[in-house]
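First comes the structure, then the notes that go with it.
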Amino acid sequence: MSGETIKQLAQSMKVPVDRLLTQLSQAGMSFSDPEQIISSTEKM
C-alpha cells in the first residue's frame with residue numbers, strides 16, 4: 001500500500017497536523033495518529 005503519513009501530508013500542505021486530522025474526521029475518515037498512513041485514494 002503506497003502512501004504517506006498524516007504528518008507528512010500536513011507538512012506538504014503547510015497546515016497544522018491537528019487541523020488536518022480535524023478536517024479528515026469531518027469528512028468521515030477515522031485517523032487519530034499523525035503517523036498513520038493515508039493512501040493516495042483516501043487523499044482524493
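Bear in mind that the values in this text are calculations on the coordinates, not laboratory data. Not measured: the values here are computed from a predicted model. So basically every Cβ, Gly included, is an ideal-geometry build from the backbone, and we count neighbours across all protein chains shown.
In this calculation the C-beta distance from residue 43 to residue 22 is compared with R0 = 22 Å, giving a FRET efficiency of 0.85.
Phi angles of the range 11-25 translate, via the Karplus equation with coefficients 6.51, -1.76, 1.60 and θ = phi - 60°, into HN-Hα couplings of 5, 5, 8, 6, 10, x, 4, 4, 5, 5, 4, 5, 5, 5, 5 Hz per residue; Gly and Pro are given as x.
As a length-normalised measure over Cα pairs under 8 Å and 6 or more apart, the relative contact order of the chain settles at 53 percent. Taking the chain, which GluC sites (Glu not before Pro) meet the DSSP loop condition and have no more than 13 other C-beta atoms within 10 Å? The qualifying sites are 35.
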